Every structure is written in structure tokens, then in C-alpha cells.
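One structure is given below, encoded as C-alpha cells.
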Amino acid sequence: MGFPEGFLWGGAVSAGQYEGGWNEGGRGACRMDYTTGGTRTSPRYATYVLADGTEVKAGREDRLPEGAHWASLPDCYYPNQVAVDGYHRIDEDIELMAEMGFKVFRMSIGWSRLYPTGTETVPNREGVEYYRHVFENLRAHGIEPLVTLLHFDTPLALEQSCGGWENRALIDHFVRFCTTCFMEYKGLVRYWLTINEINNLLSLIDFFGGGSDEAYQLAYQQLHHQFVASAKAVQIGHAIDQDNMIGCMIASAATYPHTCDPADILAAEHKRQENAYYCGDVQVFGRYPVFSKRLWDAHNVQLAIEDGDMDDLAAGTVDFYTFSYYNSNVVTTHEVTDTVGGNFQVGARNEYLTYSDWGWAMDPTGLQWQLETLYDRYQVPLMVVENGLGAFDEVVEEAGEQRIHDDYRVDYLREHVRAMETAIENGVDLWGYTPWGCIDLVSMGTGEMRKRYGFIYVDMDDEGRGTLDRLRKDSFWWYQRCIASNGEDLA
Ligand code: BG6
């Protein structure tokens, strides 16, 4: 059996973590541009300047005070401003992806490249033509674009002028942007994802702990606006081109109970409902699930839903379900001191698993479990659009050549490919696999470059030093063989 013919092997990046060129081509800013680098143990900060000139490093939930503006501070480094310079090096990178045999490339369109402040009535032509070139070049190399419309980069001006997604006005601004994309790239792009890891709005509150009712109220309301915006985009995308396939994208850690105490079983199931099914159900089934009431009541959430919203949700269901999968997580109602976290999930350490250098549980069986349970629930095609090992890489000189022996990454990927194969054999309709950061890029969580995921190494460090040259790692050749054999040659 194995992988079906036409399986979409590829890789994934996002505009904000890959492109750089933050103030070129008429692009507007987004919050990531003014966010400093951090580490596993020290947070990233968004920075701003008060009306009186005082410089401030903002906490995660801080609002911009009256009269202040987001700004780069002289003693800080902002890794996303240059990122890995994909904006200028995309053609070189497409050559490398084609050499690996990619069938698909998941990337995102920077909203503020097309609509610098988010409120313009016509798009920035330079931005529109930039992505047209990218899609044409991908197609010329036989690579299908898979395009995320929003990957954590809402234009900063929208956050400043109307508060971001808590404001209903964002729905229309996003839909205008999506409509432009569907019209401009009709015939060039067929696979779309509306909003990356939409469920992170909720997971983030749990991850940082101590979330207030106000924080949940805000997150659920923001999510409602995103659901409606996504559903409207799906309807418009289908109307513009009936060949468009439009999916959702959910961050998806497998969630296990720590013990067989029934309270742990229930807690794990409730966590899974909150973290994954709440968003998946709305986007696939087109309605809020029954357990929503329990989630809302737990935090006194009063959702503002307008006439027509429920009709939009029902009419704008997605064609396929995609998710990121890096790790699993353990939930318990018991007191535990040894906790670990990964990709916005935190829980008890799992004694059956090993952990990455950044403390993320490595669990290929969890991927099989996710694929089988998600397909059973949703019965629409699936795609794993993020997966991979963030690890330190070392460049060594051998016979005058620079090499990166990343066998640890190959080990991780090999087991996850096998897990996908087993799930397919068990009946799951899986369309494709796009490992994250196929070219090294800036970590979203920590802002580090040294947390590398790629098959392609980028010469850039955490202080912005480096040539930005690309090097093939050992995993590059492994993945090339894997794709050429349609997942059979994993040695
Ligand atoms: C997902 C995001 O949460 O995980 C990516 O969609 C992110 O943007 C990826 O980069 C890996 O997380 P990190 O923190 O290692 O970059």
C-alpha cells in the first residue's frame, strides 16, 4: 500500500519568519517586525515608545498606550526584519526545493505586503506582483503552492487603529484581502488555508497560565470574528474559482491523560475539546459544538454573535483539514512537579517519550493517533502542514566542504513518515506532508535562528550575523530519496 500516487510531499514556511524585507516593496508593518529575539528561557518582547519618548518592552498582553507607537529600540535585535531574506532569495530557494523533488510548497502571503495598513481599498501592486512571480516560478518548477492567508501577521495598523481581531471590522478587511488573493492568483493557486493555527488564541492563555475571564472573553470573541471571516473567505474563494480547495489549519498536539483516574481521562478529553475540536468543529461542521456552552460558562463568556453569522459559518465549511503536529502533551488533575511544554501546550512529563533540546516531546505514535482520530471525526481529507524537529545544527569542514550531519532530524522525520504511512494503511485519506521550516527560519516562539528545522541550512545567527548563504544538510539528501521513492526509501 504505502503512500498514494500523487501524494504531496513538500515543506512549509511563513512570510513573517522567512521573507524579511520588512520595509521594502511598499509593505506595511506587523507586530512581529518590532518583536525582539528571545531564548527558550527568556521571552520575546514587542517594543514601543511612549509619547514622552520613554522606551518600553511590552509584555504579551500589553496594549499600546495612548500616544505611543511601536518602534525598534537601539539596543535590541529584531530577527524577523531580515529573517532569512526569502524576499530576495526566493528564486534560489525554489531551485533547491525543486532539487529535493518538492511537489508542494506551503507559504503565506503577507497581508501587509498587499494592504500595508489593512484598510486600503486597492492593493499595493508591488506586493501583488511579488507573489505572482513566486507562484509562477513555483509552477514553472512543477511545485504546487499551498497558500496560508493569515499566519500570525495581521497588519500592525489594524491592531493600533481598531484593536485587532476583537473588532468586527477586521472581518471585512480580511475578506477584502482574501478576495484580492483569490482574484489575482486564480489559476496559479488552487490550495488555500485561511488562518494558521487558529486555535492558538485559546491555547496561549493556558500555556502562559493564570488566564482571567477577561482574557478568555477576548479570545473567544476574537475567534468568533476569525471564524466568520474564514467562512466568508471560503464562500468567496469557491465563488471565484470552483476549483479552489480551501482548508483550515489547527495546532494539534496529541493530548493524553496522565493516569487512568477517570478525572484525568475527562480532563484530557476536555482539553482536547478546548484546544482542537472547538475550532475544528466550527470550521468543518459549520456550527459551534455542544461542549461550547461548558467552555464559555467556565469563564463567563458572553459571545456577541450577529444576525447572519451562523449562516455564514454553515455556508463556509472547509474542503479539507490541515494541522501542525510536533509533540504530544500529558494532562492531569494530580499534583506534578515535572512539567514540560511544546508548541503552546504544557503538561506533565511523559516517561515513555524523549524530548527535544527545547523540551518538546517526540512522539510519532501520537501523529498516527491524531490522523486516525481526526479523520474519524471529520471525514474530510487531511494534510500535515507542519512537523519537524527544532534542533541545534553544527557546520563542519570536511575535505574543503561544509557539511551538516543532522541524523537526529532524519530520525525524527523518518518515524513520523512511518506513522503517516500506517495511518494511510488504516484508511486515513492523507493528501500531503509539508515539514516546517524546510529552509531554516526565525523561530516563532523564541525568535532564535539556532532552533533550526530545515533541510537547508541558512548562515545566520541570533544577532543577525551571517552571509545568509544556503547549504544542503544531510537531511536534504534523505528527503530527496524519500520523495523520489514516494516514502519507501527512508534509510
Ligand atoms: C507553529 C507555527 O506554532 O509552530 C509556526 O505555525 C512556528 O509559525 C512553529 O514556527 C514552530 O514553533 P517555533 O516556536 O519552534 O518556531
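Rolling a 1.4 angstrom probe over the range 39-154 with all protein chains present gives an accessible area of which 51% lies on carbon and sulfur atoms. Across Cys76, Cys178, the residue with the most accessible area heads the list, and the full order at a 1.4 Å probe is Cys76, Cys178. Of the chymotrypsin sites (Phe, Trp or Tyr not before Pro) found in the range 362-439, those that fall in a DSSP loop while having at most 16 other beta-carbon atoms within 10 Å are Phe392.
Rounded, prolate or oblate, given the Cα gyration tensor of the chain, with a/c below 1.5 counting as rounded? Rounded shape, in that the Cα axes give a/c under 1.5.
Per-residue 3J(HN,Hα) values for the range 272-287, derived from phi via the Karplus relation 6.51 cos²θ - 1.76 cosθ + 1.60 with θ = phi - 60°, read 5, 4, 5, 7, 10, 6, 4, 6, x, 5, 4, 7, 8, 8, x, 7 Hz in sequence order (x marks Gly and Pro). Neighbours of His173, meaning other residues whose beta-carbon lies under 15 angstrom from its beta-carbon, give a summed charge of -1 when Lys and Arg score +1 and Asp and Glu score -1. Dividing the helix sum by the residues of the chain, where each DSSP H run of 4 or more adds -39500 (n - 2.57), gives a mean residue ellipticity at 222 nm of -11500 deg cm²/dmol.
Cross-link reach is defined here as a Cα-Cα straight distance under 30 Å, omitting same-chain residues fewer than 8 places apart; for Lys293 the lysines meeting it are Lys232, Lys271. One Cα centroid belongs to the range 386-459, the other to the range 320-336; the line between them spans 20 Å.
For the range 340-491, what relative contact order do you get, as a whole percent, if you take Cα pairs closer than 8 Å and at least 6 residues apart? So the answer I get is 21 percent. Taken one residue at a time, the phi angles of the range 466-477 give Karplus couplings (6.51, -1.76, 1.60, θ = phi - 60°) of x, 7, 6, 4, 9, 10, 7, 7, 4, 5, 4, 6 Hz. Gly and Pro are set to x.
Computed over protein heavy atoms with a 1.4 Å probe, the accessible surface of the chain works out to 39 Å² per residue. Distance from the Cα centroid of the range 96-152 to that of the range 8-46 is 15 Å (rounded to whole angstrom).
Can you give the net charge of the other residues whose Cβ lies under 15 Å from the Cβ of Glu55, counting K and R as +1 and D and E as -1? Its environment carries a net charge of -2. Coupling constants for the range 194-208 follow from the phi torsions by the Karplus curve (6.51 cos²θ - 1.76 cosθ + 1.60, θ = phi - 60°), and in residue order they are 6, 9, 5, 6, 4, 6, 5, 4, 8, 4, 4, 5, 5, 4, 7 Hz; glycine and proline get x.
Scoring 349-359, 15-25 by mean Cβ neighbours within 10 Å over their residues and listing the highest first yields 15-25, 349-359. State whether the range 277-386 is rounded, prolate or oblate according to the following rule on the C-alpha gyration tensor (a ≥ b ≥ c being the square roots of its eigenvalues): a/c under 1.5 gives rounded; otherwise a/b larger than b/c gives prolate, and the remaining case gives oblate. Verdict is oblate for the range 277-386.
In percent, rounded to a whole number, the relative contact order of the chain is 17, using alpha-carbon pairs under 8 Å and six or more apart.
In percent, rounded to a whole number, the relative contact order of the range 377-457 is 40, using alpha-carbon pairs under 8 Å and six or more apart. Between the alpha-carbon centers of the range 368-384 and the range 56-85, tell me the distance in whole angstrom. A separation of 38 Å, based on Cα centres. Looking at the chain, the DSSP beta bridges with both ends there are about 35 percent antiparallel.
Could you tell me whether the range 1-124 comes out rounded, prolate or oblate from its Cα gyration tensor? Rule is a ≥ b ≥ c as square roots of the eigenvalues, rounded for a/c under 1.5, then prolate if a/b exceeds b/c, otherwise oblate. Since a/c reaches 1.5 and a/b is larger than b/c, the shape of the range 1-124 is classed as prolate. Shown here for the range 189-295: trypsin sites (Lys or Arg not before Pro) in loop regions (DSSP other than H, G, I, E, B) with at most 15 other Cβ atoms within 10 Å, namely Arg287.
Beta bridges assigned by DSSP with both partners in the range 332-491 are antiparallel in approximately 75 percent of cases.
The values are calculated or read from the model by the stated rules, or taken from the named source; none is laboratory data. As the structure is a computational prediction, the values presented were derived from the model and not from experiment. Neighbour counts run over all protein chains shown; Cβ positions are idealised from the backbone, glycine included. The protein model used for the area step is the full one, side chains on, heavy atoms only, and it has no ligands, DNA or RNA in it. Shrake-Rupley method; radii C 1.70, N 1.55, O 1.52, S 1.80 Å.
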